[in-house]
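First comes the structure, then the notes that go with it.
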Amino acid sequence: MVEKYIRELRSYLKSLNPMERAEASRFYEEYILDAKLISRKEIEHELGTPKQLARKILAQYSPTEIEPFLDSKKAQNKNTKQSLHVIWRILSKLGSIPIGIPLAIIMIIFMVIFLLFF
């Protein structure tokens, strides 16, 4: 049971370099053996599933693995703000002509729907 659990854990830690992955898996293998956790149920009760444990390890052991995800979220937020700014400029220009008022109202409705669902 221990070998299978550790093998699954290693598969979820593929983003770590080989030395970090070996160190983390060795640590938890020793932990499981020292705690005399025999069954899969005991191991998962103590440490969680291999996937849950891998998430904890990646979050604590190697913060650099999370940085690309955070950077992509920041870029996505920046793009959304820029898009909203462009939409606002279009709406302000459309509002200056008589036919633009109904179009501006329609655009505002679409913008609200976009913000609520995306």
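The values are calculated or read from the model by the stated rules, or taken from the named source; none is laboratory data. From a predicted model like this one, the values you see are computed outputs, not experimental measurements.
Could you tell me whether A75 is modelled with pLDDT of 85 or more and of a type in the set (A, V, I, L, M, F, W, C)?
On the way: modelled with pLDDT of 85 or more: no; of a type in the set (A, V, I, L, M, F, W, C): yes.
When the stated conditions are applied, A75 does not pass them.
Hey, can you tell me all the residues within the stretch 1-16 that are of a type in the set (K, R) and either more than 20 Å from the chain's Cα centre (by Cα) or not assigned by TED's automatic domain parsing to the domain that holds L58 (or both)? Steps first, please.
First, pick out the residues of the stretch 1-16 that are of a type in the set (K, R): 4, 7, 10, 14.
K4, R7, listed by residue number.
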